[in-house]
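Peer 1: Pasting in a structure now, in structure tokens, and then I'll have a few things to ask.
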Amino acid sequence: MPVPLDDCDGRRRCRDCGEWKLLDEFCASSKRPSGRGTYCKPCFNQRSKASYAKRVREQQGRQVKSPREVPEGHRFCADCGTVKMLAEFPRNRSDSSGYATYCKPCHNTRARETKKRLYGGNREHHLRQRYGIGQKEFDELLAEQGGVCAICGTPGPQHVDHDHRNGWVRGILCFNCNGGLGQFRDDQSRLAGAITYLRGTTWQRVLIHPGVYQMCSPTRGRPPSPSF
């Protein structure tokens, strides 16, 4: 059974030397409730000296590079190794400069690689982030519709229709039908009004006999002016 680091009499066991000592013999630490660190002062000093010696050895073996000169209004891209104008970098509000670390081509390449690694590609990433479904669920839903748009029947639709209020995916539509619902704001009364409007303003093909149709003029509107 592990031995607790803190004792009830105000003593603590140092992880390095294993000795129980008073809390005052430990270095101060604001990260612990007691305000004292994990190692006693002698062990902490020994660790600090070893860490400093390691850093010195690494710096001595590392080639020192001269500071890079970047003109004002420019930024260095670490991926392609070139200095470019700030306009060639995407915006990034979290950076002090307001621009991303990598230029736009390198940034896009990194984004594609990340999406490929995490999601399998841009399409899967888009479906997951926007609608909460993957390509597998998309294909299953499209198969349930017979491989056509759920509204007009156009084959091979590629647009996911969802309820903007709760995010619920409703079906797969073609570009025109999906855009049409968005323009009408998913409002059934607006769509009903559009149907009534079209019936009164558009020429209709009316069945007057089995196999015989007649074009009926609209009940309102006016013909175009004659050309001159």
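Peer 1: I'd like to check something: does region 166-174 contain any residue that is of a type in the set (Phe, Trp, Tyr), closer than 30 Å to residue 135 by Cα, in the same structural domain as residue 131 (by TED's automatic domain parsing) and in contact with a Leu (Cβ under 8 Å, 6 or more places away or on another chain)?
Peer 2: Checked against the condition, which is being of a type in the set (Phe, Trp, Tyr), closer than 30 Å to residue 135 by Cα, in the same structural domain as residue 131 (by TED's automatic domain parsing) and in contact with a Leu (Cβ under 8 Å, 6 or more places away or on another chain), region 166-174 yields no hits at all.
Peer 1: Name the single residue, out of those in region 185-206 being of a type in the set (A, V, I, L, M, F, W, C) and over 22 Å from residue 161 (Cβ atoms), that is nearest to the chain's Cα centre (by Cα).
Peer 2: Going through the qualifying residues, I end up with 203.
Peer 1: Would you call residue 170 loosely packed, with under 15 Cβ neighbours inside 10 Å and under 19 Å from the mean Cα position of the chain (by Cα)?
Peer 2: When the stated conditions are applied, residue 170 does not pass them.
The values are calculated or read from the model by the stated rules, or taken from the named source; none is laboratory data. Just so it is clear, the model here is predicted, and its values are computed rather than measured. Here Cβ is always computed from backbone atoms with ideal geometry, including for glycine, and neighbour counts include all displayed protein chains.
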